[in-house]
Amino acid sequence: MEAKVATTVLVLLLLTLGGEVAAAKMCHDRSQTFKGMCFRTSNCNTSCTNEGYTGGHCTTFRRRCVWRGQPAG
């Protein structure tokens, strides 16, 4: 019985995370100029703005700088 509950929870978790990853790929892309691990969103935001996007932010798990929004202009 415990194995069925654990399996169900695992499947639901994978479905939830899988949807977020797919949505993130549609809306964001990695900054081409930001180097290293991203800890300060303000630094990432500046890099993405310099690349011509409306802003950027640090990802939670992998600490990458990704742009958000559409290209400015």
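The values are calculated or read from the model by the stated rules, or taken from the named source; none is laboratory data. What you see is a predicted model, and the numbers here were worked out from it, not measured in a lab. As a convention, Cβ positions derive from the backbone with ideal geometry for all residues, glycine included, and neighbour counts pool all protein chains shown.
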Testing Arg40 on (1) surrounded by 14 or more Cβ atoms within 10 Å (Cβ to Cβ); (2) modelled with pLDDT of 75 or more, one condition comes back false. Which one is that? (1)
Modelled with pLDDT of 90 or more and at negative phi, is that true of His28? no
In the range 51-65, is there at least one residue being in contact with a His (Cβ under 6 Å, 6 or more places away or on another chain) and surrounded by fewer than 18 Cβ atoms within 10 Å (Cβ to Cβ)? no
